[in-house]
Structures are given as C-alpha cells and as structure tokens.
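The values are calculated or read from the model by the stated rules, or taken from the named source; none is laboratory data. All figures in this text were calculated on a predicted structure; none of them were measured in a lab. Every residue, glycine as well, gets a Cβ built from its backbone with ideal geometry; the counts of neighbours run over all protein chains shown.
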Amino acid sequence: MAKLMYRDAIRNTIFQEMQRDSRVVVLGEDVVGGMGTAGGPEAIGGIWSTSTGFYDAFGPDRVIDTPISESAIMGAAGGLALAGKRPVAEIMFADFIGVCMDQLWNQIAKFRYMFGGKSICPAVIRMPCGAGYNAAAQHSQMISQFVTNMPGIKVVMPATPADACGLLRQAIRDDDPVVFLEHKFLYAMSGEVPDDPDFTIPFGHARLARAGQDATIVASGMMVGYAETAADDLARDGIGCDVIDLRTTSPLDEEAILDSVEVTGRAVIVDEAPPRCSLATDISALIAQKAFASLKAPVEMVTPPHTPVPFARELESAYLPSPAKIAAAVRKTLEYR
Amino acid sequence: MQLNREALTRAYRQMKLIREFEERLHEEIQTGEIAGFTHLYCGQEAVAVGVCEHLTERDKIVSTHRGHGHCLAKGCDVEGMMKEIWGSQEGLCNGKGGSMHIADIDKGMLGANGIVGAGAPIAVGAALSNKIDGPDENGKLAVAIAFSGDGACNQGTTFEAMNLAVVTKAPAIFVFENNHYSEHTGVDYAVGTRQDIASRAEAFGMKVWRADGTDFFSVYDTFRDVLEYVRVPGNGPAAVEFDTERFFGHFEGDPQRYRGDGELDRLRAERDCLKIFRKSVTGAALLDHADLDIVDADALKAIEDAVTASRAAARPAPENVLDNVYISY
Ligand SMILES: Cc1ncc(C[n+]2csc(CCOP(=O)(O)OP(=O)(O)O)c2C)c(N)n1
Ligand SMILES: [Mg+2]
C-alpha cells in the first residue's frame, strides 16, 4: 500500500500500463503540454498532472499531444483501438463531450455490435468531470446520464484513489470502450492504493462504503464522499445507512442496490446530474420495479435542479447536492407514514 | 492615421481600461476573493479596440474564454462586468455566468465562450441574420465578428463556420488573434501551417488580411479595409490574423513553464501595445504625454470604482438558481 492522491493514482496506473503493454498510448490536449515552446517539450505534463513524465519515457509516438480538436481526439482513439492499440484519450473537461459526441456515440460505442462482434474497441476515454469550484456552465457538468445511456460504453466513476487505480487498470485492459469519469474535485484526495501492478477492480461490482440497517444511500463519484458524511452525521443520531458506491454505472450492480433496499426499505439516490432521465431516475425506477414490496417510503432523489451549473459561489452550492441535503432526504424517508 | 484627437483619446482610453481591468483582476485573484477560472486579455488590447472602434451597435461580436477585452471594447459596462466576475446578483449575467460567460446582447456582444471554437458558427448565424436584414440606407451591411485564438483555429467548428460563411456569402469576419500559445502548447506545433492562420482562411475561399496586433494603428487601418469589403452586399466573409501577445498565464494560476527565459520581460518591453501607441502618438505630436496621463488616471479610477462597487454589490440568494428557467422539477 502507498498513500497516493487520486490524480497520482491515475497517472501511475497509466504509466505502469504503458510500461507493461506497448499497445497502450495516450492522446489529448496538453498531455505533453509545452510542445513547440521554449520551455517544452513537456512544460506541464497534462493540465491535471496525470501525464507528467510520459513524454520522456515513451516519446511522441505513444504520447500524442493534440491540437484543440476533440472530435479528432475521440475519433482517433476509436481508430487506434480498431487497429489494435489501447488508447487512453483525455478530453480535458467532460463538458467537451458536446464537441465530439458523434465519434463516441455513433462510432466507438457501436463498433462491436454493429460489426457483428467482429471487432473490439479497447479505448479508454478519460473525462474529468463535475462541479465544485465555480468553473460555471461549460466546465462543471456531470455527464454520466449521457454516457450511461449509450449501449456499448462502459462507464466508470471512481470515488477514491484506490478505486481510480483498480478501475482504470481494468478499463485499460478491458476490450470494450470505457468512459472514465474522474471527478476534478477528487484529484487532491489522498488514500491508500495497493502496490500490486495487477490490482484491478472488476466492473459491475459496487462498494459498500458504509453499512447500516435503516436506509440505503446510492451514490457515485464525488457524491460518495458527501453520502458518507451524511451517513456519519446520521449515525450520531442512531440512524444507520448503507452507502453504496456504484463504482461503475454501466454495467450497474443491481443486486447490491436491491439487496440493501430489501433490508432497509428506504432509498435515497444521490446524483450530480440534473434530475430528469438520469442515474437517479434510473435507479429509482429499478427499485420501484424490483424492490417494491420492501419499500417503507417513497424513494428520494437528491440532485441538482434542472438548470445549467451556475457560476457564483452561493449559486453553485445551492445547485449541488450536499451532505445536509442527503441527510434531510434520509430523515424524510424515515418520517414517512 | 486619420483619427482626430478625440478618437485617439477614446481608443487609448479603451485600451487602458482593459489593461487596468486585467491588471487589477490579476491582483484580486491572488486573494481568493474571486471564484472560478479567469483568462486575462492583457497584451492583446490593441486587437479588441482596433476592431471594435469601427463598429456600431448593429454589428455583433462573439468572443472567447479570454473575453474581457472584447466585452469592454464593444461597450459592455465596466461595473456590470466586474460585478459579474465577482459573482454578484448585480452582474451583467446576475452571477450566473462569471468571467467566461459575459454577454450583453443589446450591445451586440453575443457572449464570451467557455468552449474553444464554439464562437465562429454563432457569429456566422448572426451574420446571416444581418444579411437577411439587408443593407442600411448607405447600402452597407452590419457584420458579425468571431474572435478566435490560434488554438481555436484547429477546431472543426471553426472550419465548418468558415465554409458556411463563404458558401452563404455571410457578412462574417473571422478575427484570429495569434498569441502563439494555446494553453501550454506553441502555435508552431499545433497549427500545421505554422505561424500562418490566415492562409487557412484563404483556402476556404475568403479574402484575408494580416497585421501586427500590438500596433493599434496597424489593427485599426487594416480592419477598416476588412470592414469596407465585408459591408458590401454580395462580397461575403473575410478573415484577418493579428500577431499579438498575451502577458499573463493562460489562466490565473498558470505556472507558464512553456515560456523562454526573459520572454515576458521582453514582451512587456518591446511588444506592449500601450507603450507602442504612446510612442507613436507623442512622436507624431498628435497627443502629448500629459493628455495620456489624464486618461491613465481616469481609467485607473474607473476600475477602482468598479471594484469597490463589486465588493459592496448584492450577492445572489439560493433561490436565484431557479431564475430564468421555464420549468423546475
Ligand atoms: C472545446 C474546448 N477544448 C478545450 C478547452 C480548454 N481550453 C480553454 S482555452 C484553451 C486554449 C485556447 O487557445 P487559443 O484559441 O489560442 O486562445 P488563447 O487562450 O490563446 O486566447 C484550451 C485548450 C476548451 N475550453 N474548450
Ligand atoms: Mg492563443
């Protein structure tokens, strides 16, 4: 075990996989960061510091600094993968999915099925996502709802440094395209990460972050920490919560959610995306369909409102879910008669 | 140089106002009072002002993530902008947008933009609207201008917008501000045509111009020709590339490790559009130092007032999150 920041867990995992497998290549804007400058070639090594030292170690063929051209980055990741490489593409902010949706949704996601199973497409698309530091409407969004809705794409939302490592290694070794939604606000989070160079976490297996009998809180990404804080606060009042960290939203660990709700009879779904057609509504529907008989109260959703992400500090905090909002939702399920 | 004293003073004041706005933000941001990402326009003032001094309120502009200069040059209210950057309810966008999303539609300022390359198609749409509205009583069209960086010129949206403008003969002007960097990456690496963005636009079938973006007069005189051409119905779009410099980091907090030794000092000494302007107007005895010093003091005071007002301005309340939506769930 080593204590690592989330961002370093990501960097180290990619680095190790590049050492292990010469098919792994990295591409994205400023992943070298300094090409064509006096201070280059590597001046920054990725704006999130998730590719520092890569260029020196692996050179320009495998560490591809791209112009500002998200469609080309996404499409090239698809082409590299179809041609036998294992690209790890960085879309600097998940919001820029808007620029390159076709190459992800109509191309990468569909190859394997549309080509009758004759191809694999082992592309990893890293998309730093989420709100928390007032980056406003076009640099703060949660996009899990779009990508989870895409048949063919696996979607990962690591909530801890260890998970970032184990899930990313799984993503790189996986034969299907994976959208890896790393939360920008978690980059500086530190935690124990296994040293084992083959440490992977299989997809579709949720993590029980807290255990309790009274209510089930389902969360992903940055929302997991908020849910844990809420659960800890509630525990001081004698209310016990299961906190289920989904880890991957596609495939979804339905069993973990349903097993928990069968015991608690109360469910609160926390989601950083707007409330319609989202993980929150999807999981609420799952529970209504498959755990109806266990429910003691209506399912509660804690989500932002149906608006873009606002800029001002006061507005962004009002927009985002919070531990207090989650705890209030849990209490509401407990007070239901 | 066909500008009279008044016009010269006004142009200088606009540039100085942008400079002081940005220099002040650079300081204020260090204290942590201002939230979010801020990209400063310092060093590029002559472009925004040399372009916008020609425009009327019917002409539209679409800006970038580095938008403060374009906004001020197009006439956005200094205090309203500063309050927006401060996240105040009294800001131009009620604190919803912040530095990267300042807009003032009445002024013909259709928005700064957080998405690199997103502006050019929007400008073409505005230009098509101008074309539909037709020429004024002098037979001239209103134009729409897309400001884009050397980085944005690599985006497919920019290419598509240029072609759409050409085939529809839209009165659009693509202003490329080549400040040699897109974030940490050099233009020599990222733009395949190296230091030449105008040739790309030319390949799309447009008339193009090039000028030194650190010299107000070079920008102003060149842009007069560009405008004269695009205002003629039937001529269609044009592009102009300005060679310019950014004095601060890509965003506030950028360590700027991509810069060469002494690069910033050299740029500030040799490529400062305000110094160059002062030197040429005093040299030609069009204005004297005392005139310019008055403008300097005046600009500084306007910024000081805007900051004081922003500090005291009303903050948004949580319920304001739901303003400007047609439905909530
Ligand atoms: C679609 C998109 N990709 C990437 C970014 C991140 N980004 C913001 S500004 C910038 C560099 C832009 O360079 P340039 O167009 O030259 O403008 P400058 O910053 O020099 O004014 C990048 C990569 C973005 N905001 N939007
Ligand atoms: Mg640039």
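Structure notes:
- Answer from A:Ile68, A:Ile64, A:Ile44, A:Ile73 - the residue that is touching a His at 6+ places or on another chain (Cβ under 9 Å) and either closer than 19 Å to B:Ser182 by Cα or not assigned by TED's automatic domain parsing to the domain that holds A:Asp176 (or both): A:Ile44
- If you go through region B:228-261 and keep only what is among the acidic types (Asp, Glu) and over 17 Å from the mean Cα position of the chain (by Cα), you end up with B:Glu228, B:Glu252, B:Asp254, B:Asp261.
- Filter result for the condition that a residue is touching a Ser or Thr at 6+ places or on another chain (Cβ under 7 Å) and either within 16 Å of ligand 1 (Cβ to nearest atom) or of a type in the set (Phe, Trp, Tyr) (or both), over B:Glu252, B:Glu241: B:Glu252
- Top-ranked residue in region B:309-329 [being more than 7 Å from chain A (Cβ to nearest Cβ) and part of a helix (DSSP H, G or I); ranked as surrounded by the fewest Cβ atoms within 10 Å (Cβ to Cβ)]: B:Glu319
- Of the helices (runs of 4 or more DSSP H) entirely within region B:25-90, those holding at least 2 residues that are more than 16 Å from the chain's Cα centre (by Cα) occupy B:78-85.
- Applying the criterion of being free of Cβ contacts under 8 Å to residues at least 40 places away in the same chain and under 21 Å from B:Val49 (Cα atoms) to the residues of region B:201-217, the residue that is surrounded by the most Cβ atoms within 10 Å (Cβ to Cβ) is B:Ala211.
- Check on A:Ile91, closer than 15 Å to A:Ile143 by Cβ and either buried (at least 24 other Cβ atoms within 10 Å of the Cβ) or assigned by TED's automatic domain parsing to the domain that holds A:Asp21 (or both): yes
- For region B:106-152, filtering for residues that are in a helix (DSSP H, G or I), within 16 Å of ligand 2 (Cβ to nearest atom) and closer than 24 Å to B:Glu228 by Cα leaves 2.
- Identity of the residue in region B:44-84, in contact with a Lys or Arg (Cβ under 7 Å, 6 or more places away or on another chain) and within 14 Å of ligand 1 (Cβ to nearest atom), that ends up farthest from the other protein chains (Cβ to nearest Cβ): B:Glu45
- Residue check, B:Ala198 buried (at least 20 other Cβ atoms within 10 Å of the Cβ) and more than 14 Å from every other protein chain (Cβ to nearest Cβ): yes
- Of all residues in region B:169-181, none are within 12 Å of ligand 1 (Cβ to nearest atom), without any contact (Cβ under 8 Å) to a residue 40 or more places away in the chain, within 14 Å of chain A (Cβ to nearest Cβ) and not charged (D, E, K, R).
- Sole residue being of a type in the set (Val, Ile, Thr) and under 20 Å from the mean Cα position of the chain (by Cα), chosen from A:Thr307, A:Thr333, A:Thr264, A:Thr229: A:Thr229
- Top-ranked residue of region B:142-168 - restricted to ones that are closer than 18 Å to B:Val240 by Cβ and surrounded by fewer than 24 Cβ atoms within 10 Å (Cβ to Cβ), ranked as nearest to ligand 1 (Cβ to nearest atom): B:Phe159
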